[in-house]
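For reference, the structure discussed in these notes is given below.
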């Protein structure tokens, strides 16, 4: 995918040699997004930007380029750089790219990688060597028992016993499998073990993914956007994260990038009336619990805004306005996520897995009510905060105008005696220069004119 939206901005940064801004964007933005933007530029421009970046970031972005851009860029890199560039790519992307290369180019890279002693280069040498021998080492060669042992540390398995959720050691039918922040290298094993599409797992870990429902084969994916408080991020403490809920083979799988999001409330027994952990009711209870967090965090944001407002009333500073702006950004995240959750709920109601009974209908009705309430609260708080920012920005601007007006008036008043003194500093004949009290008379005239100017300014309310 090639997105030309930021092409003019990148070209301006290159022309002005604004290296730090380019590096900051490429470092702070997901590599897949950066590759989309850079892919719309020429190969030479991409090479210039690649040269600015660190080898690690360069390889990550290179992983997400289209194959035609990758091939063209390889021709521009020095032979000593090609090995480091490919060795730092994601394993699945590297394997897919290497298999598209002609055998002659594969052999050339294989020979280059043999000259390096780094661990990554050795692994690259082995991988290309196996490709050349048509022996691609993929996880499909592992037995089911080996895969199960490999993924065991990545998962937490729970069963419902006597109305309480208890951890068990093995996966059984009607159990709940919780997966927390797996690495990208672990996803193929997880997808193979649970027989779910690889995209279901990657989408559940993508922070920008929207709430949705997708069915492929016997597996159904439900992505729920839930709020998350990041205590380490002082600029943007409230964000939303996706939780992927996958129904397959009588097992419910949840996958999320953070361990502290909603699900521990179920594990720790904070949620009552749990009668199933594999059905639609459990999914609805997860959604309902996330809505309670939305409402709780919305109140916290409103309280924080009130404190900032009181500080702004005492002393207007840009720092406080920036805090308000960040809180408003948090509200935008909440509003957007709640809207996508609402659309997902509408589709879930029509989905085949949704078998309504009285209890589920009650929970679903509560979810609809709480979603609307949370949306309304977020919109109201956002409008209030936006109006508050505009008001205090106007106050700051008005205070600045008053200060400038006072200083301008003061400068004009001071100019009067300075002007008279300048005239009397000339080497020509001037009034009162022969008078014994000439200096005093000039001072009095200057003082009277300055006082007159002050009175005029006061009368016109300029002072």
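Listed values, structure above:
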item: Debye intensity ratio I(q)/I(0), log10, the chain, q values 0.08, 0.09, 0.12 Å⁻¹ (C-alpha model); result: -0.69, -0.81, -1.18
item: C-alpha long axis of helix 119-132 to longest principal axis of the chain, angle in °; result: 50 degrees
item: Over the chain: helical MRE at 222 nm, DSSP H runs n ≥ 4 each giving -39500 (n - 2.57), nearest 500; result: -20500 deg cm²/dmol
item: Sequence of 294, 333 once ranked by neighbouring C-beta atoms within 10 Å, starting from the fewest; result: 333, 294
item: In nm, spacing of pseudo-spin labels at residue 230 and residue 40 (7 Å Cα→C-beta vector); result: 2.6 nm
item: Whole-angstrom Cα spans of segment 1-102 along principal axes, big to small; result: 38, 27, 23
item: The chain - share of DSSP beta bridges that are antiparallel (%, nearest 5); result: 85 percent
item: Cα convex hull volume per residue for segment 399-459 (Å³); result: 74 Å³
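Read the figures in this text as sums done on the coordinates, not as results from a lab. A quick note: this is a predicted structure, and the numbers were derived from the prediction, not measured. Don't worry about glycine lacking a Cβ; one is built from the backbone with ideal geometry, like all the others, and counts go over all protein chains shown.
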